[in-house]
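Structure record follows, encoded as structure tokens.
What follows is calculated from the coordinates using simple rules that are stated; it is not laboratory data. Since this is a predicted model, take the numbers as computed values, not measurements. Don't worry about glycine lacking a Cβ; one is built from the backbone with ideal geometry, like all the others, and counts go over all protein chains shown.
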Amino acid sequence: MIEIRNLTKRFASYTAVFDLSLTIAQGETLVLLGTSGCGKTTTLKMVNRLIEPTSGSIRVDGVDVMKQAAFELRRRIGYVIQDGGLFPHYTVAEAIATVPKLLDWGPEMIRERTNELINKLRLPQTLLARYPAELSGGQRQRVGLARALAVRPSIVLMDEPFGALDPFTRRQVRRELFGLNELRETTVVLVTHDVSEALELADRIALMDAGRIVQVATPDALLTSPASDFVRDFLDDKPHRLHD
Amino acid sequence: MTDFLTFVREHADKLLEQTLTHIGLTAVSLLLALLLGVPLGILISRRSRLAGSVLGIAGVLQTVPSVALLGFLIPVLGIGVGPALMALFLYALLPIIRNTYVGITEVDASVKEAARGIGMTNRQVLTKVELPLALPVIFAGVRTATVINVGVATLAAYVAAGGLGEFIFSGIALSNVNMMMAGAIPAALLAIGFDVALASLQRLSVRKLRIGAVAFIALMPFLSAFYWLPIQQDKLIAGFAHEFYGRADGYPGLQKTYGLNLHPRLIDQNLMYEAIRSGQVDIISGYSTDGRIQAFDLLVLADNRHAFPPYDAAPMVRQVTLNRFPELGQTLNLLAGKLTDSVMTALNYQVDYEKQSPESVARTFLTRVGLYKRPEPRQRSETVVMGSKVFTEQYILAEIYRQLIEGQTSLRVVTKTGLGGTQICFDALRTGAIDFYPEYTGTGLLVILQPSAHTLANLSMQSDSIYDYVQHQFHQQYQLNWLKPLGFNNSYCLMMRRDQAKQLGIKTIEDLVNYMER
Ligand SMILES: Nc1ncnc2c1ncn2[C@@H]1O[C@H](COP(=O)(O)OP(=O)(O)OP(=O)(O)O)[C@@H](O)[C@H]1O
Ligand SMILES: [Mg+2]
């Protein structure tokens, strides 16, 4: 569970996030949706302290994030970014083993977990010895996900994880991924500006504009009763919604 | 070519020692530069405000010419390994700091953020992500530093730190191409070898590069150890100028005549005196009337067996001039025997160290020997032109001659000082551009007459016989006259600190040989 209270972030004089409050329940998938530059990434990174808030508080599973060591907090929170954020000098196997090793897992345990993950994510065994430069974009993305899920974190943060993929692959990867049991019990905060993605994956959508939340609701509620013209326009304006 | 190979074969031992020393110097300085440069590079990649000044300082150090850098370091670190290592270390620093810094800052920001985002500590981000990814760039810096250092390490030979520069600089001093090449070719091969080896390491994948880097760093202390291989150490340590070490009438002559066998360190002429003063060496080569003998309280060892050819000074005058002004010859001969070694050394000392003018030193001297006369104010219509080479002793002699001639005769003296070396003076004299200049018998013999090895071998190296030979030959070949010798002999010599020589009871080169063999 993540509880965000009156969160504000200023960069010099520019306010990227203003007085934002939001509670995300255990096991829920919450999508942060909004136009470019509205503060989605900033909000997300404050949860794992890659950005420190100017004011307000964030509690993860009841504990204030500022009251714990950043690296310990981050090891308990999966983090996925666009194109995977893989290290060029780590093989797929090493990438998946990164966080388990940080947490001192034994080699046997790591091997079991790696096999489990690549099976679930449909990554062929032969990929394990390859470097990121030798993978396709979709494969890199899946490896990035596998790395984030390796230690079964209760929370996963994803920042446009499918952003670099073509629309077809994007749909395919995200269906596979969100079809996993693994993610069912996991709290997921996903940032996107792709409306169809948000509608498909979200339990609830938080629609943002200029650093504030405009409306938080389930996809259905958002479509049927938009809180403002902005919300309606934002959801309407996307032609590919018709294909879903 | 065969000469070259013969030289290399004959000096194989020395060459091997120099090469190992060279590698050792390069490796030690590189290791030190890595130990400081990599952490500094990391530091400034963390605190970008420091980056400008640190890179700036390292950059300025890099632009100081190597000889000047050694010059700055010698007063602080003395001579020997200290200044050589320090200079090499300073040169290697910039490429290593800069490439560490650039390598780290150029790691993709999203990769660094992902590393922090999945829970790596700052140290883990550095050691597991940034450094491995920066390694190829750091390696490129090490490669640059290595090649620079192999080159600069030749200068170690200036400060008695050994290395391949010994042959290079001796070869240059002696115009001995084979000797120069025997140093230059291995130095070039070393540079190319290191470059190729490091280049191939650099091309390895990041993973293998890590292994390569570990191997390289492990190899460094091993290579460094070459420097400390037991070098032969004598009871007394000799420091010789490169030229003296190589010239047939220098150290080789000494070996032949006295059977003296030393393991001399080679060092720049002008640094030798500082080296013996500070006790870093005990015996140096030099010239017997150098003012520094007095300044540094040195003792010239007597050369009773005449290993060093005599360099007796005497005025050399055109026969034509002597015929025209017979009084000139008589006047110049007034000085015969008046300027002994110790007198000349003292005069040199007064000018070089007490900063007196050659003019006043000359007048005091002439007054003391009773030859000074105030020039009578009279019409001087006849002129003689006097030349001199460009060093203190010759300036003083020129001044003595001028005052002597103007005091004793009605001739007017025009002085052309600063005629450079022997060849220029000699040519000026032969063509009549000057009428006379002071020359040394040994120089006349070995530089101008250049008799065959056979003739030389049959010549007795006593002052008198050389003087007679030179006088006769010059008169016959060039119509030039050597007047009577001034009395001092500015030849090669060996010297020691006076107190040490006294304590060990060494007065002559024979004493030295006996002491060393005891
Ligand atoms: N380090 C920073 N310094 C100054 N301004 C920043 C910084 N990071 C972000 N911003 C500004 O804050 C605002 C919000 O940025 P943020 O990255 O959260 O946007 P976003 O909603 O994720 O946009 P996108 O969909 O394009 O990724 C932007 O206007 C951005 O320019
Ligand atoms: Mg963003």
Margin query: With just the Cα atoms defining each centre, how far is the stretch B:368-413 from the stretch A:124-170? Give it in Å.
Written below: 97 Å
Next item on the list: Scan the stretch B:78-163 for trypsin sites (Lys or Arg not before Pro) in coil per DSSP, keeping those whose Cβ has at most 16 other Cβ atoms within 10 Å, and list them by number.
Entry: none
Next item on the list: Give the calculated FRET efficiency between B:Ser465 and B:Arg368 to the nearest 0.05, with a Förster radius of 30 Å applied to their Cβ-Cβ distance.
Entry: 0.45
Next item on the list: Could you work out how far the C-alpha centroid of the stretch B:265-340 sits from that of the stretch A:1-63, in angstrom?
Entry: 89 Å
Next item on the list: Send over the per residue convex hull volume for chain B, Cα only, as a whole number of Å³.
Entry: 187 Å³
Item checked: Helical mean residue ellipticity (222 nm; -39500 (n - 2.57) per DSSP H run of 4+; nearest 500) of the protein assembly as shown -> -16500 deg cm²/dmol
Checklist line | Burial ranking of peptide ranges B:187-195, B:309-317 (average Cβ count within 10 Å, highest at the top) | finding: B:309-317, B:187-195
Note to self: Apply the Karplus curve 6.51 cos²θ - 1.76 cosθ + 1.60, θ = phi - 60°, to the phi angles in the stretch B:267-276 and return the couplings in whole Hz, x for Gly and Pro.
What the structure shows: 8, 4, 2, 6, 8, 4, 5, 4, 5, 6
Check: What's the angle, to the nearest 10 degrees (0 to 90), between helix B:341-352's Cα axis and the longest principal axis of chain B?
Finding: 60 degrees
Checklist line | Three principal axis lengths of the stretch A:137-201 [C-alpha, angstrom, descending] | finding: 29, 24, 19
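Can you give the percent of C-alpha pairs in the stretch A:1-125 whose distance is more than 19 Å?
More than 19 Å apart: 59 percent of the Cα pairs in the stretch A:1-125.
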Next item on the list: For chain A, with a Gaussian network of springs between Cα atoms less than 10 Å apart, report the residue from A:Arg232, A:Arg74, A:Arg147 with the top mean-square fluctuation.
Entry: A:Arg232
Next item on the list: Before anything else, pin down the relative contact order of the stretch B:313-490: Cα pairs under 8 Å, at least 6 apart, normalised by residue count, whole percent.
Entry: 38 percent
Check: What ranking of A:Thr114, A:Thr23 emerges when the number of other C-beta atoms within 10 Å of each C-beta is taken as an exposure proxy, fewest first?
Finding: A:Thr23, A:Thr114
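Mind checking A:88-95 for the average number of partner chain beta-carbons within 10 Å of each residue's beta-carbon? Show your work: numbers first, answer last.
Details: counts 7, 11, 5, 1, 0, 0, 1, 1.
The shielding value for this peptide is 3.
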Notebook entry, point to check: Does anything in the stretch B:476-517 have its amide N under 16 Å from the 7 Å Cα→Cβ label point of B:Gln330, and if so which residues?
Noted result: B:484
Next item on the list: With springs connecting C-alpha atoms under 10 Å apart, model chain A as a Gaussian network and identify which of A:Gln82, A:Gln141, A:Gln68 has the largest mean-square fluctuation.
Entry: A:Gln68
Notebook entry, point to check: Among B:Phe240, A:Phe11, which comes first, then next, by fewest other beta-carbon atoms within 10 Å?
Noted result: A:Phe11, B:Phe240
Check: Using a simple spin-label model with points 7 Å from Cα along the Cα→Cβ vector, what separation in nm is obtained for A:Gln172 and B:Val64?
Finding: 6.4 nm
Notebook entry, point to check: Which of the GluC sites (Glu not before Pro) found in the stretch B:282-372 are in a DSSP loop and have at most 14 neighbouring Cβ atoms, other than their own, within 10 Å?
Noted result: B:Glu354
Check: Calculated FRET efficiency, B:Arg518 and B:His475, Cβ-Cβ r, R0 35 Å, to nearest 0.05?
Finding: 0.15
Next item on the list: Give the whole-number value, in cubic angstrom per residue, of the convex hull volume spanned by the C-alpha atoms of the stretch B:2-228.
Entry: 125 Å³
Check: Taking only C-alpha pairs under 8 Å that are 6+ residues apart, what is the relative contact order of chain B in percent?
Finding: 16 percent
Check: Which three extents, in whole angstrom, do the alpha-carbon atoms of the stretch B:313-490 cover along their principal axes, largest first?
Finding: 53, 37, 26
Next item on the list: Over chain A, consider all pairs of different Cα atoms and compute the Kirkwood hydrodynamic radius from their mean reciprocal separation; express it in Å, one decimal.
Entry: 18.6 Å
Checklist line | Degrees separating the helix A:92-102 axis from the principal Cα axis of chain A, which is the longest one | finding: 80 degrees
Next item on the list: Apply 1/(1 + (r/R0)^6) to the Cβ-Cβ distance of A:Asp104 and A:Thr23, taking R0 = 25 Å, and write down the FRET efficiency to the nearest 0.05.
Entry: 0.15
Item checked: Cross-link reach list, lysines versus B:Lys338, counting only Cα pairs under 22 Å and skipping chain neighbours closer than eight places -> B:Lys373, B:Lys389, B:Lys484
Check: Once you put a point 7 Å from the Cα of B:Leu449 and another 7 Å from the Cα of B:Asp511, both along the Cβ direction, what distance in nm separates them?
Finding: 3.3 nm
Item checked: Order of A:His193, B:His475, B:His454, B:His242 under a 10 Å beta carbon neighbour criterion, fewest first -> B:His454, B:His475, A:His193, B:His242
Notebook entry, point to check: Taking Cα atoms, how many degrees apart are the long axis of helix B:422-431 and the longest axis of chain B, rounded to 10 and kept between 0 and 90?
Noted result: 40 degrees
Next item on the list: Please tell me the relative contact order of chain A in percent, rounded to the nearest whole number, where contacts are Cα pairs under 8 Å and at least six residues apart.
Entry: 28 percent
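Which chymotrypsin sites (Phe, Trp or Tyr not before Pro) in the stretch A:147-244 sit in a loop by DSSP (not H, G, I, E or B) and have at most 11 other Cβ atoms within 10 Å of their own Cβ?
Taking the stretch A:147-244 and a limit of 11 other Cβ atoms within 10 Å, no loop chymotrypsin sites (Phe, Trp or Tyr not before Pro) are found.
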Next item on the list: For peptide B:107-116, compute the average count of partner chain beta-carbon atoms within 10 Å of each residue's beta-carbon.
Entry: 5
Next item on the list: Determine, for each peptide in B:406-417, A:29-40, the mean count of other beta carbons within 10 angstrom over its residues, then list the peptides with the highest first.
Entry: A:29-40, B:406-417
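If you count, for each residue, the other Cβ atoms within 10 Å and average over each peptide, how do B:211-219, B:17-25 line up from highest to lowest?
B:17-25, B:211-219
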Next item on the list: Could you work out, residue by residue across A:74-81, how many beta carbons of other chains sit within 10 Å of that residue's beta carbon, and then give the average as an integer?
Entry: 4
